[in-house]
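Novice: Please read through the structure below; I'll follow up with questions.
Values in this text are rule-based calculations from the coordinates and carry no lab data. Keep in mind that this is a model prediction, so the values were computed, not measured. Virtual Cβ from ideal backbone geometry, glycine too; neighbours counted across all protein chains shown.
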Amino acid sequence: MAEGVSASSLQAGFVELASIVRALHGDWSAPAAGYDGWTCKDLLAHLSSTEVSLPAVVESSSRPPVDGATPFDPDRWNASQTRKRTETDPQELLNEFDMGTTRLVDVLTDVDLNRKASIGPYSGSTLRDAMAEMLEHQKRHLDDLRASLHKHPES
């Protein structure tokens, strides 16, 4: 899948995303195109909650999967994470994304990317594949968020 992807290339990709996220601005209450019922702020909350969770996915590779653990349910996860951030200011979400990236870059240093994640949507996948997929996931959402914000610039 993501053969040849190095920890440094993943780190660079996530740092690049963070630099784009830091520059976002616009009408956060505008609808996020293609995300039924979500505002731009909700999509940002999804991005930031995902980013802040990724270090735990990397760290999970040092532990075996929990026997009998409930399979990851992305719809439940997304709903709970956006709900938890309903009252969070967009600037705080931008900061949260940045902090998640800083922590992720740190845990990706000197990690064996062939180890397998034991939590999250890519449980059982190598960290190389899981992090490459998550980087693409974040990029797609960020592209959608940028497009939605540009359709509804601040007044």
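Novice: Let's see if you can work this out: charge +1 on each Lys and Arg Cβ, -1 on each Asp and Glu Cβ, no other charges. What is the dipole magnitude of the chain about its Cα centre, in debye to the nearest 20?
Specialist: The dipole of the chain has a size of about 100 debye.
Novice: Under the rule of at least 5 residues apart or a separate chain, name every residue whose amide H is placed under 5 Å from the amide H of THR39.
Specialist: Hits under the 5 Å cutoff: ALA32.
Novice: Sticking with this one: Nearest 10 degrees, 0 to 90: what angle lies between the long axis of helix 7-22 and the longest principal axis of the chain (Cα atoms)?
Specialist: Computed tilt is about 10 degrees.
Novice: How far is helix 74-84 tilted off the main Cα axis of the chain, in degrees rounded to 10, range 0 to 90?
Specialist: Relative to the chain, helix 74-84 is tipped by roughly 50 degrees.
Novice: Using only the alpha carbon atoms of region 76-140, find the Kirkwood hydrodynamic radius as the inverse mean reciprocal pair distance, in angstroms to one decimal.
Specialist: For region 76-140, inverting the mean 1/r across all distinct Cα pairs yields 13.5 Å.
Novice: Moving to a separate point now. Please give the FRET efficiency for MET99 paired with ASP67, using the beta carbon to beta carbon distance and R0 = 30 Å, rounded to the nearest 0.05.
Specialist: 0.40
Novice: Could you work out the percent of alpha carbon pairs in the chain separated by over 20 Å, rounded to a whole number?
Specialist: The answer is 49 percent, as a whole percent.
Novice: Still on this structure: For region 1-43, how big is Rg over Rh, using alpha carbon atoms and the Kirkwood form of Rh?
Specialist: Ratio of gyration radius to Kirkwood radius for region 1-43: 1.18.
Novice: A follow-up question, please. For the chain, set up a Gaussian network in which alpha carbons nearer than 10 Å are linked by springs, and say which option among PRO71, PRO121, PRO31 fluctuates the most.
Specialist: PRO71
Novice: Just to confirm the number: angle between the C-alpha axis of helix 127-151 and the first principal axis of the chain, 0 to 90 degrees, nearest 10?
Specialist: 0
Novice: Run the numbers for ASP112 and SER19: contour at 0.36 nm per residue of separation, minus the present Cα-Cα distance, in nm.
Specialist: Full extension of this stretch gives 30.9 nm more.
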